[in-house]
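Undergrad: Quick one: the structure is below, questions incoming.
The values are calculated or read from the model by the stated rules, or taken from the named source; none is laboratory data. On a predicted model such as this, the values are computed, not experimentally measured, just so you know. Cβ coordinates were reconstructed from backbone atoms using ideal geometry, including for glycine residues, and neighbour counts include every protein chain displayed. Heads up: the accessible areas ignore ligands, DNA and RNA and are worked out on the full protein's heavy atoms, side chains in. Shrake-Rupley method; radii C 1.70, N 1.55, O 1.52, S 1.80 Å.
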Amino acid sequence: MGGIVEKQILDSVNSIVNVDKELAQKVILIEEDVDQREVRLDELCVEVLACRQPAAVDLRTILSATKIIRDLEHIGDEAQKIAKMSLKLAKKGAAPGGYAEVLHMGELVNKMLSSVLDPFNRLDVNQALEVAKADKKVDREFKSAMRVIITYMMEDPRTIKRSMNIITALRALERMGNHSRNIAEHIIYLVKGLDVRHASIKEITNKLEQ
């Protein structure tokens, strides 16, 4: 499921940057597969809980998995949103700018997701923490990109509608970064039993060092 969602990120970004309608449609269709996988994986987790009654780290594994599945599905939703913006821009005409920012943020977010799936397999808390830290960089890039797009809109109000499509895509990427950080936090809970949701990076680091 993680691999499919990774591909969705890349394809959605490429569809909007390259005005590729076929690729955008592909991303939209694949989201149905991601949704079905979410349902099936949830069913498997419920079966394990009901039949095996896991405890300690095994219970945390199942609980973490159900949360990670949900975050992956949300990332897929955001990729689908970008693909829909791609189709709108293909119909209305290109926005005045922001494509380079979408591409750059897409690379950052894809790296985050790729990097967080590995520590889930290896139960690597340190790498999970690095992914959580990377979300700050995505947030900074989002704010910087927003300033660029707003400048275009102020210079030529006729581009506002098209620019809003780019803003929607950028916001979707920023949310993908948030969900990737969530997955990192679920891994920390799985390995250490620490609930670090809503904690700052400094607070998470301090908890891990205790």
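Undergrad: How many residues are surrounded by fewer than 16 Cβ atoms within 10 Å (Cβ to Cβ) and acidic (Asp, Glu) when one looks only at the range 73-120?
TA: Matching residues across the range 73-120 total 2.
Undergrad: Something else: Can you tell me which residue among Glu22, Glu38, Glu31 is at pLDDT below 95 and of a type outside the set (Gly, Ala, Ser)?
TA: So the residue among Glu22, Glu38, Glu31 that is at pLDDT below 95 and of a type outside the set (Gly, Ala, Ser) is Glu31.
Undergrad: Using beta carbons and a limit of 8 Å, which pairs, at least six apart or on different chains, have the first residue in the range 14-34 and under 17 Å from Glu78 (Cβ atoms) and the second one of a type in the set (Phe, Trp, Tyr) and surrounded by 15 or more Cβ atoms within 10 Å (Cβ to Cβ)?
TA: Ile16/Tyr99; Val17/Tyr99
Undergrad: Now, a different point. Only one of Met146, Met112, Met105 is farther than 21 Å from Asp71 by Cβ and at pLDDT 95 or above; which?
TA: Numbers: Met112 fails: farther than 21 Å from Asp71 by Cβ; Met105 fails: farther than 21 Å from Asp71 by Cβ.
Within the list Met146, Met112, Met105, the selection yields Met146.
Undergrad: Here is a list: Arg181, Arg147, Arg175, Arg158. Which entry is part of a helix (DSSP H, G or I), more than 26 Å from Ala94 (Cβ to Cβ) and open to solvent by 10 Å² or more (accessible area, probe 1.4 Å)?
TA: Arg181
Undergrad: Here's something else I'd like to know. Identify, by number, the condition in (1) surrounded by 20 or more Cβ atoms within 10 Å (Cβ to Cβ); (2) modelled with pLDDT under 95 that Thr61 doesn't meet.
TA: Condition (1) is where Thr61 drops out.
Undergrad: Anything in the range 34-58 that is touching a helix residue (DSSP H, G or I) at 6+ places or on another chain (Cβ under 8 Å), closer than 25 Å to Gln8 by Cα and open to solvent by 50 Å² or more (accessible area, probe 1.4 Å)? List them, or say none.
TA: Within the range 34-58, Asp35, Arg37, Leu41 meet the criteria.
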